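The values are calculated or read from the model by the stated rules, or taken from the named source; none is laboratory data. These figures come from a predicted structure and were not determined experimentally. Note that each Cβ is placed from the backbone with ideal geometry, even for glycine, and that neighbours are counted across all protein chains shown. Just so you know, the surface numbers come from the protein's heavy atoms only, side chains and all, with ligands and any DNA or RNA stripped out. Shrake-Rupley method; radii C 1.70, N 1.55, O 1.52, S 1.80 Å.
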Amino acid sequence: MKRQFPRWKNIKPLLGWSLPKFPLQDRKLKKTVNLAELRVLASKRVPKAVFDYVDGGANDEISYKRSAEVFSNVQFNARVLRDVSKVDLTTRIVGQDSALPIIFAPTGYTRMMHYEGEPMVAKVCEENNLIYSLSTMGTTSSQEIADQVPGVRRWFQLYLWRDRNQSLQFIYGAKDAGFEGLILTVDTAVGGIKWRDIRNGLTVPPKIGLKTFFDMALKPRWWANLLTTAPLEFATFRNFNKPLSEIAATVFDPAVTFADVKWLRSVWQGKLIIKGIQSVEDAKQLAKIGVDAIIISNHGGRQLDKSVVPLEILPEIRKAVGKKGKGTQIFIDGAVMSGADVLAAIALGADAVLIGRAYLYGAMAAGRAGVQKVVDTLRFEMETAMKLMGARNIAELTPEFVTLRK
Ligand SMILES: Cc1cc2nc3c(=O)[nH]c(=O)nc-3n(C[C@H](O)[C@H](O)[C@H](O)COP(=O)(O)O)c2cc1C
């Protein structure tokens with residue numbers, strides 16, 4: 001047999017690595033294959049206290065663990081011999097098309113996770129035609145989002161205050177800044193007890209001890225970005241001139257009731273979404289009031305520990321609220337960490353799901369590229385699973401596709 005010298009052009013296609021390119025790529029980000037690995041990368045790139053703030057839940061963190069466990073008990077009942085050469089993930093969310101059945105949940109303090117904060121995340125939403133929700137506890141104001149990311153579909157998350165005038169200021173601010181929806185969060189009569197944050201001193205106001213402080217110093221890139229950009233602040237309360245502790249004490253109002261929702265419906269002409277629903281009865285009452293959507297949520301297990309699991313209560317709430325396509329829409333959230341989780345929720349009756357930690361892991365791991373990777377990964381996982389289970393579009397995902405194993 002005639003021999004030849006090994007040729008680079010024959011070897012190269014077999015290799016899973018390549019010579020470094022300039023500008024240098026984030027190789028560690030590139031190597032991650034799913035959201036679980038992005039979470040691990042995130043834990044290495046920000047201080048422990050910051051990671052714990054995102055990753056943690058209330059008390060024993062059982063609510064979160066149970067939500068994740070129920071997702072792992074999902075069984076897909078595939079249908080085969082269907083033409084799935086094309087799948088369409090477009091989803092109607094409160095009257096408009098969204099590229100995916102995924103909404104970015106409101107999360108406070110985003111600039112602590114990555115210095116570019118909310119505008120960076122909103123930009124990814126804009127580029128991917130997804131909805132971005134800005135938290136009342138955000139580090140960017142509603143107007144700043146409007147100025148910096150004018151094309152993004154955006155909702156403002158509100159904590160209703162007894163002081164109606166103050167609440168109205170927030171609502172008018174959101175309206176002027178082109179926010180199409182208001183999310184009223186109602187699972188926060190008081191703040192949940194988060195042991196990780198208490199231990200780390202990451203409370204409002206902060207009580208950062210020496211250990212946490214030195215640990216932060218071990219992440220020089222994170223430190224440098226934080227110190228060389230505008231100071232961290234709750235942008236909504238920028239002009240309040242009150243200490244953080246006083247602001248924190250007023251944010252959660254334990255006296256909010258259904259009457260307040262009716263009042264909000266009367267003063268806000270945009271879309272109204274109520275977040276933190278955990279019972280069939282409450283869902284029914286809200287549908288009767290005529291809200292545009294409810295979010296079945298236990299706040300990602302960050303408020304009441306040992307609360308109901310959104311995915312488990314979803315079918316019953318769907319039955320009580322009525323068929324998809326009419327009236328109040330239903331979204332769910334909590335522990336959504338893969339495309340399969342999204343599909344399971346849609347099949348069991350959700351119109352869309354919210355992700356919180358998932359995109360924050362991306363932000364902590366690699367800023368904008370990390371958040372984009374989260375979107376790409378979820379899209380890829382959804383497309384693949386839909387083809388394998390024989391569903392061509394979101395409307396075809398019906399309950400027969402899913403069994404929850406015990
Ligand atoms: C770091 C962090 C901050 C959050 N801040 C808020 C908030 O300000 N307002 C709110 O309504 N929900 C907030 N949430 C809850 C999310 O909106 C959402 O319900 C939850 O993250 C869903 O669970 P997941 O993180 O497992 O996806 C926060 C969640 C996280 C992780």
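For the stretch 284-335, a tally of residues being more than 16 Å from the ligand (Cβ to nearest atom), open to solvent by less than 30 Å² (accessible area, probe 1.4 Å) and on the phi > 0 side of the Ramachandran plot returns 1.
Would you pick out the residues in the stretch 319-335 that are in contact with a helix residue (DSSP H, G or I) (Cβ under 8 Å, 6 or more places away or on another chain) and within 20 Å of LEU354 (Cβ to Cβ)? Working first, answer last.
Residues of the stretch 319-335 in contact with a helix residue (DSSP H, G or I) (Cβ under 8 Å, 6 or more places away or on another chain): 320-322, 324, 327-328, 330, 332-335.
VAL321, LYS324, GLY327, THR328, ILE330, ILE332, ASP333, GLY334, ALA335 - these are the residues of the stretch 319-335 that are in contact with a helix residue (DSSP H, G or I) (Cβ under 8 Å, 6 or more places away or on another chain) and within 20 Å of LEU354 (Cβ to Cβ).
For the stretch 70-83, state whether one or more residues are of a type outside the set (A, V, I, L, M), free of Cβ contacts under 8 Å to residues at least 40 places away in the same chain and within 16 Å of the ligand (Cβ to nearest atom). Scanning the stretch 70-83, I find at least one residue that is of a type outside the set (A, V, I, L, M), free of Cβ contacts under 8 Å to residues at least 40 places away in the same chain and within 16 Å of the ligand (Cβ to nearest atom), so the answer is yes. The requirement of being more than 28 Å from SER43 (Cβ to Cβ) and either among the hydroxyl-bearing types (Ser, Thr, Tyr) or at pLDDT 95 or above (or both) is not satisfied by PHE380. In the condition set (1) assigned to a helix (DSSP H, G or I); (2) among the β-branched types (Val, Ile, Thr); (3) open to solvent by less than 10 Å² (accessible area, probe 1.4 Å), THR377 is compliant with all but (3). Counting residues in the stretch 365-379 that are more than 15 Å from the ligand (Cβ to nearest atom) and over 30 Å from LEU24 (Cα atoms) gives zero.
Flag set for VAL80, criterion: surrounded by fewer than 17 Cβ atoms within 10 Å (Cβ to Cβ), modelled with pLDDT of 95 or more and farther than 30 Å from LEU244 by Cα. Of all residues in the stretch 336-354, those being among the acidic types (Asp, Glu) and either within 15 Å of the ligand (Cβ to nearest atom) or touching an Asp or Glu at 6+ places or on another chain (Cβ under 7 Å) (or both) number 1. The set of residues in the stretch 224-269 that are at pLDDT 85 or above, more than 25 Å from the chain's Cα centre (by Cα) and not in a loop (DSSP other than H, G, I, E, B) comprises ALA224, LEU227, PHE258, ALA259, ASP260, LYS262, TRP263, SER266, VAL267. Is it fair to say THR140 is β-branched (Val, Ile, Thr), more than 30 Å from ILE62 (Cβ to Cβ) and assigned to a loop (DSSP other than H, G, I, E, B)? Answer is yes for this residue. May I ask you to list the residues in the stretch 156-200 that are outside any helix (DSSP H, G or I), more than 16 Å from the ligand (Cβ to nearest atom) and at pLDDT below 95? The answer is ARG162, ASP163.
If the condition is being β-branched (Val, Ile, Thr) and within 16 Å of the ligand (Cβ to nearest atom), then the stretch 94-110 contributes ILE102, ILE103, THR107, THR110. Scanning the stretch 126-140 turns up no residue that is within 16 Å of the ligand (Cβ to nearest atom) and on the phi > 0 side of the Ramachandran plot.
Here is a yes/no grid of residues against (1) outside any helix (DSSP H, G or I); (2) open to solvent by 20 Å² or more (accessible area, probe 1.4 Å):
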residue	(1), (2)
ASP97	yes, yes
LEU100	yes, no
ARG111	no, yes
VAL124	no, no
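Residues of the stretch 16-33 being polar (S, T, N, Q) and either open to solvent by 50 Å² or more (accessible area, probe 1.4 Å) or modelled with pLDDT under 95 (or both), which ones? Reasoning before the result, please.
Kept after step one, since they are polar (S, T, N, Q), are these residues of the stretch 16-33: 18, 25, 32.
SER18, GLN25, listed by residue number.
Residue-wise test of (1) open to solvent by 10 Å² or more (accessible area, probe 1.4 Å); (2) hydrophobic (A, V, I, L, M, F, W, C); (3) under 18 Å from GLU180 (Cα atoms).
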{"position": "GLY108", "(1), (2), (3)": "yes, no, no"}
{"position": "ASN128", "(1), (2), (3)": "yes, no, yes"}
{"position": "LEU134", "(1), (2), (3)": "no, yes, yes"}
{"position": "GLY138", "(1), (2), (3)": "no, no, yes"}
{"position": "SER141", "(1), (2), (3)": "yes, no, yes"}
{"position": "GLU144", "(1), (2), (3)": "yes, no, yes"}
{"position": "GLN148", "(1), (2), (3)": "yes, no, yes"}
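In the set GLY390, GLY367, GLY349, only one residue is over 30 Å from ARG82 (Cβ atoms) and either crowded, with 17+ Cβ neighbours inside 10 Å or of a type in the set (Val, Ile, Thr) (or both); that residue is GLY367.
VAL190 - would you say it is of a type in the set (A, V, I, L, M, F, W, C), surrounded by 13 or more Cβ atoms within 10 Å (Cβ to Cβ) and touching a residue at least 24 places away in the same chain (Cβ under 8 Å)? Quick ask: steps written out before the conclusion?
Working: of a type in the set (A, V, I, L, M, F, W, C): yes; surrounded by 13 or more Cβ atoms within 10 Å (Cβ to Cβ): no; touching a residue at least 24 places away in the same chain (Cβ under 8 Å): yes.
No, not satisfied.
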